[in-house]
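Novice: Got a structure for you, written out below as structure tokens; questions coming shortly.
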Amino acid sequence: MEWLLRRETAPRDAILERDFQQWLAEAESHRRAYEAVRSTWAELGALPAGKEAAGTIVRLPVPKPRRTRWIAAAATLAAACVLVVAIPVLHRHVVTDYATGVAELREVSLPDGSVVHLDAGSAIAVDYAEADRRVTLLSGQAFFEVTRDGRRPFSVLAGDVAVVVTGTAFSVGKTATTIEVAVRSGTVDVLQDGKSMGDPLTIGDRVTVGRRDKAVHRDRIAAESVASWRKRKLVVVDTSFGDIVEALGRYLPGVILVDDGSLKRQAITGVFDLTQPVEALRTLARSQDASVTEVTPYLLIVSRR
């Protein structure tokens, strides 16, 4: 989607086109992904009706002034984004027991007296049985206050990571790139692909697992900063720029695009006000000499200056 937007707004940029062709040639999955988004764009009427070979320069039927073309491209891309993600979102809602919307926090009481606090844009599925208590984090992040029950362990599943406890307070977060577990009180066991990840986590321990490379990073944070979003504050310690943008996106309608991969990987430590998500995003961008362009209320683009 980022490539499509950049090519639409700068169709004569030879360097951009060269970089795009290199990216396209890196993997067949890149070509398939781009073609899927381009097809959706075409169906919305932004492209001529005739077929074109994947990777060729897109030509609009009528030339438009640069700013007009940018706004039209961005607005159409926002609509395309909705269509591209519609099926996964619908599937999530089918299996979800509890969910939150944009900027919505929710407290859920479970049958055993345990409490789950859901961040904005988050969803869980609950499965209680005689032998165990299980919650699956489908998206976003949640803070768990678990009632102790020595006969029935309580587990949280997030991707290939499982957190097992009998009674404690901890948070689990799931982004596009990482799964994070942090402990507010008590101890928790963390497993990856069914195998223990070492010593249990205790108060102030945090473990971050890469969803692609499976890399594990364990560190310490202030216990009071665990699930700081419950107080509408986002406290981050050595957290990637991309993950912070994703967290802020739960408090905004529409889509946030970051057009620089190296910027997404930049580690950030700071505190952001979730009651002012746009200003928080601008503050985050300024910290890395980047800026935020508000194309529409539903499409924000973060780019280096």
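Novice: Where does the charge balance sit around Thr166 when Lys and Arg score +1, Asp and Glu -1, over other residues with C-beta under 12 Å from its C-beta?
Specialist: Result for the local shell: 0.
Novice: Long-range amide H contacts for Tyr251: which residues qualify at under 5 Å (H placed 1.01 Å from N, peptide plane, sequence gap of 5 or more or a different chain)?
Specialist: Ala103
Novice: Taking the Cβ of Val116 as the centre, find all other residues whose Cβ is under 9 Å away and add up their charges (Lys, Arg: +1; Asp, Glu: -1).
Specialist: With Lys, Arg at +1 and Asp, Glu at -1, the net is -1.
Novice: Would you mind checking which residues have amide H under 5 Å from Arg134's amide H? H placed 1.01 Å from N; only 5 or more apart, or other chain.
Specialist: Asp127, Tyr128, Ala129, Ser155
Novice: Could you work out the local net charge near Pro277, counting Lys and Arg as +1, Asp and Glu as -1, over the other residues with Cβ closer than 11 Å to its Cβ? Before the final figure, lay out each step's value.
Specialist: Details: positive: Arg232, Arg250, Arg282; negative: Asp273, Glu279.
Around Pro277, the surrounding residues sum to +1.
Novice: In whole Hz, what ³J(HN,Hα) sequence does segment 139-149 give by Karplus (6.51, -1.76, 1.60; θ = phi - 60°), x for Gly and Pro?
Specialist: In residue order, the calculated couplings are 6, x, 8, 8, 10, 10, 10, 9, 6, 5, 8 Hz.
Novice: What does the convex hull of the Cα atoms come to per residue for segment 181-305, in Å³? Don't jump to the answer; show the numbers that get you there.
Specialist: Numbers: hull volume 14.0 nm³, N = 125.
Normalising the Cα hull of segment 181-305 by residue number yields 112 Å³.
Novice: Another question, then. So what's segment 232-305 giving for Cα Rg divided by 2.2 N^0.38 Å, two decimals?
Specialist: Normalised Rg, Cα atoms only: 0.97.
No lab work stands behind these numbers, since they all come straight from the coordinates. Keep in mind it's a predicted model, so treat the numbers as computed, not measured. Note that we place each Cβ from the backbone using ideal geometry, even for glycine, and neighbour counts take in every protein chain shown.
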